[in-house]
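Data block below; observations after.
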Amino acid sequence: MLDPRRGRGIALSAFALSVAAAASACTPPMPPDVLAAQAESQIDCQTGSTDVSVPENLLGAMTFVGDALTSVCPEQTLIEVGPQEPAKLKVVDGTPSPEDVSEFSAVCPAGDVIYVPLFSYPVTLAYNIFGLEGLVLTADAVAGILNGSITSWEDPAIIDVNEGFDLSGLPDIEVYTVDQDRGSVQAMTTWLSEEAPQSWSEGTLERLPGDINFGSSFEMTEELAFMEGAVAVLPVFEAFNAFVPTAAFPVTYGDDGAEEELIAFPDDPQLAKIGSGAMALSVDDRGNIAATPAVGGIPDDEIFDLAASKIILQEDQAVVGWPVLGTGHLLVCDDPADPLPLSVAQYSLRLAGQGALETYGLTPLPEPVRIKTFEPLKVTVAGEN
């Protein structure tokens, strides 16, 4: 069994890459990735302030982007507002539905709506059993917990893959949910539909029924931190912020007859970057791009570029990642009379913007996906033909 924690990726900051010495006749040429980073740092600054609507569990993420943008363009600012507030930029934590786009278009009467992927984020099953970090849960076990057929921590589906853990005497499992559509639930149920179809017949959902429903993510995570035995489907960054343990998931890979298993741990950002390459893209007739959740842990060669991701693998380490990631998107009002929203969107998809989102705890888009977003966002990098 391969332990993914042997190798850790090194994320290179776009800000560090943008610093270079003055060129001279005897200076050797700079690497292409350094030149690309320098070119991307050259943006057309605007003047003014733009609101961006953000889901409650992602509050602060776009502030990171706004601070980075203001450091380059001092007269351009970005202000986060709540998910129900009207704004000409909107972040959704999953794949936008036609209803999402239609509702957003109501605030863009003078222009078209653009939407593109913005980031990924690993999703897991968080649980309140302190001192027992690192439980391994298979897709069948997660499906049974979420559909109510597994209510005891001593169920064979759990204890059989967790030798050495004492799970006796614990309260029954209670599933906590939020009475809102959540990209994390969308990602988890997509994974279960593909990996455990015999145990999970409900298909892809955005809300779980659960044992106890909460009105907000903050209410749920606050209660989760106090109720032993409770579980919830959460983005990994949200579970970490709540100081609750997170389950590890097994990932099977390799050709039939020679399959191997990796136990993936959610605290490894390198595994998240690899796993994000399992998303699938669709493009509408206007050029807008929608990405599915990234599930399975095996990246698509057309979606994922190992070298561009700045990931360092051990010699025998397979290119296998975290198997459940939600994909956040950015909706933009494309109004010629107001260039600020599109300007912010362009910056968010540049290396510096992606680096700011990574600092918050999100996973940058795979480089081939990020480049694809340039066309609908009308981004032209200096030096490109």
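A short reminder: the numbers here are calculations on the coordinates, not readings from a lab. This one's a predicted model, so the numbers in the text were calculated from it and none came from an experiment. Every residue, glycine as well, gets a Cβ built from its backbone with ideal geometry; the counts of neighbours run over all protein chains shown.
Values computed for the structure shown
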read-out: Around V231: net Lys/Arg minus Asp/Glu count, Cβ-Cβ under 10 Å; value: -2
read-out: Assigned charges on the beta-carbon of Lys, Arg, Asp, Glu; the range 58-143 dipole about Cα centre (debye); value: 80
read-out: Surface/4 estimate of mean projected area, convex hull on alpha-carbon atoms of the range 288-356, nm²; value: 6.1
read-out: Whole-number percent relative contact order across the chain, with pairs defined as alpha carbons under 8 Å at least 6 apart; value: 27
read-out: q = 0.18 Å⁻¹, the range 123-264: log10 I(q)/I(0) [Debye, one scatterer per Cα]; value: -1.04
read-out: Cβ-based net charge around T252, under 10 Å, with every Lys or Arg adding one and every Asp or Glu removing one; value: -4
read-out: The chain: radius of gyration over Cα atoms, expressed as a fraction of 2.2 N^0.38 Å; value: 1.01
read-out: Chain lengthening between L132 and S168 when straightened (0.36 nm per residue, less Cα-Cα); value: 11.8 nm
read-out: Relative contact order of the range 123-264, defined on C-alpha pairs under 8 angstrom at six or more residues apart (%); value: 37
read-out: Neighbourhood net charge (10 Å Cβ-Cβ; Lys/Arg +1, Asp/Glu -1) for Q46; value: -3
read-out: Where a label projected 7 Å from the Cα of V81 along Cα→Cβ would reach, residues of the range 43-73 with amide N under 13 Å; value: 49-54
read-out: Computed E for I263/S105 - FRET, C-beta separation, R0 41 angstrom, nearest 0.05; value: 0.40
read-out: Cα convex hull volume per residue for the range 134-184 (Å³); value: 95
read-out: Along the chain, longest interval not containing exposed chymotrypsin sites (Phe, Trp or Tyr not before Pro), exposed being DSSP loop plus at most 14 other Cβ atoms within 10 Å; value: 244-385
read-out: 10 Å Cβ shell holding at most 13 others, DSSP loop, GluC sites (Glu not before Pro): longest site-free stretch of the chain; value: 76-153
read-out: Distance in nm between pseudo-label sites at T63 and N213 (7 Å out along the Cβ direction from Cα); value: 3.0
read-out: Karplus (6.51, -1.76, 1.60) ³J(HN,Hα), θ = phi - 60°, over the range 210-215, in Hz, Gly and Pro reported as x; value: x, 8, 9, 9, 10, x
read-out: Paramagnetic label zone (point 7 Å from Cα along Cα-to-C-beta, T151; backbone N under 20 Å) in the range 221-240; value: 227-233
read-out: Inter-part distance where the range 110-159 and the range 262-288 are each reduced to a Cα centre, Å; value: 16
read-out: Packing-based order for 289-296, 182-189, using average beta carbon neighbours within 10 Å, highest first; value: 182-189, 289-296
read-out: P(r) tail fraction, the range 243-381 - alpha-carbon pairs more than 22 Å apart, %; value: 43
